[in-house]
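The values are calculated or read from the model by the stated rules, or taken from the named source; none is laboratory data. Note that the structure is a prediction, hence the values are computed from the model and not measured. Note that each Cβ is placed from the backbone with ideal geometry, even for glycine, and that neighbours are counted across all protein chains shown.
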Amino acid sequence: MKKSVALASLLLFAVIVFTAFHSKDKHPTDMRDCLEKVKSNWGEKCLGCESNYKDSYKLTLVNICEETLDIKVAVQNTNITWRIFDKESLAPGDTFFAYSCEGTGRFLKWVKKAGDKTISFPSNPEIYKLYPK
């Protein structure tokens, strides 16, 4: 009897550990984890960079959670300014593209549950001040 209880406990523990480490968490504790970078490309044509895109940096981001999101993304330009994008109501599974015509490869993101008025994103001037390099 003791062996079967111990074996059942061990099996239950193994299932919990396996599930925790091998499943995609649809309810992360940090909402930023809901917006996942799935791809990035250099030199790809981007809206607004049609004539000069050899140094462009384009990100593909996906909402991997079950919640609809409001997001803000900043992509750094080579002159150390930021190209900033805002999107309200990014539905689960939806894709969002952000880019810089002359990018460094650095980007920042802010994420919250759609419509959450208790959280505010930094303004564009605040981003320039807080992230000067």
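Of all residues in segment 69-88, how many are buried (at least 20 other Cβ atoms within 10 Å of the Cβ) and among the polar types (S, T, N, Q)? The total comes to 1.
Remark: pairs (first residue in segment 29-48, farther than 14 Å from Cys65 by Cβ; second residue loosely packed, with under 13 Cβ neighbours inside 10 Å and of a type outside the set (S, T, N, Q); Cβ separation under 9 Å; 6+ apart in sequence or on different chains) = Ser40/Gly105; Trp42/Lys54; Trp42/Gly105; Gly43/Lys54.
Got at least one residue in segment 6-25 being in contact with a strand residue (DSSP E or B) (Cβ under 7 Å, 6 or more places away or on another chain), outside any helix (DSSP H, G or I) and either at pLDDT below 95 or aliphatic (A, V, I, L, M) (or both)? No, because not a single residue in segment 6-25 is in contact with a strand residue (DSSP E or B) (Cβ under 7 Å, 6 or more places away or on another chain), outside any helix (DSSP H, G or I) and either at pLDDT below 95 or aliphatic (A, V, I, L, M) (or both). I'd like to verify a number: residues in segment 88-118 that are at pLDDT 95 or above, part of a loop (DSSP other than H, G, I, E, B) and touching a strand residue (DSSP E or B) at 6+ places or on another chain (Cβ under 6 Å), how many? Total satisfying the criteria: 3.
Could you say whether any residue in segment 41-54 is modelled with pLDDT of 90 or more and part of a strand (DSSP E or B)?
The answer is yes; a qualifying residue exists.
Scanning segment 81-98 for residues that are in contact (Cβ under 8 Å) with a residue 24 or more places away in the chain and aromatic (Phe, Trp, Tyr) gives Trp82, Phe96, Phe97. Across segment 76-83, a minimum of one residue is classified as of a type in the set (S, T, N, Q), touching a Ser or Thr at 6+ places or on another chain (Cβ under 6 Å) and not in a loop (DSSP other than H, G, I, E, B). Kindly provide the set of residues from segment 49-80 that are of a type in the set (S, T, N, Q) and free of Cβ contacts under 8 Å to residues at least 24 places away in the same chain, ordered by number. Across segment 49-80, the qualifying residues are Ser51, Asn79.
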